[in-house]
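*Asks:* I have a structure I would like to understand better, so I am pasting it below and will then ask my questions one at a time.
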Amino acid sequence: MVDLNLTPYLQEKLKQAQTLQQQLESVVTQRYQIDMKVKEIAKTLEELNKAGSDTVVFKSVGSILISVKDIENLKKDLEEEKETLEVRLKTLEKQQKMLEDKYKDIQNEFAKAYGEQGQGN
């Protein structure tokens, strides 16, 4: 194992970087999951718009399917859910950018600290 001789300040920054990396992984996973839900809803809405008025439609509620009588109301509910998810997606994108910027700042601090130490030897 390499002995980095980290100052207490750099040790704290390393811990922060590790925490940021974990948070970043979590945000990326959430973004992916929400993006997939948005795409699924968009595809569902597309298929509902193609369906004729005599088409029987079911809605998943928990582990059962329930027949839907009012397709227009279902479309409205899906549109609202999609909009809510898109807002959440934008929030996660901003959060990811912020975390990436903080992580880069810490990387730059390490590069600067080790650049100065390397020049001093």
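*Asks:* If you place +1 on the Cβ of every Lys and Arg, -1 on the Cβ of every Asp and Glu, and leave all else neutral, what size is the dipole of the chain about its Cα centre, to the nearest 20 Debye?
*Replies:* 60
*Asks:* Where does helix 71-120 land angle-wise versus the long Cα axis of the chain, in degrees 0 to 90, nearest 10?
*Replies:* For 71-120 against the chain, the angle is about 10 degrees.
*Asks:* Let me ask something additional. Quick one: which of K43/K97; K37/K90; K13/K112; K13/K90; K13/K94 span more than 24 angstrom between C-alpha atoms?
*Replies:* Flagged as over cut-off: K43/K97; K13/K90.
*Asks:* Which angle from 0 to 90°, rounded to the nearest 10, does the C-alpha axis of helix 8-50 make with the longest principal axis of the chain?
*Replies:* Approximately 20 degrees, to the nearest ten.
Read the figures in this text as sums done on the coordinates, not as results from a lab. What you are looking at is a predicted structure, and each value in this text was computed from that prediction instead of being measured. Because the Cβ atoms are built from the backbone with ideal geometry, glycine has one as well, and the counts that use them run over all protein chains shown.
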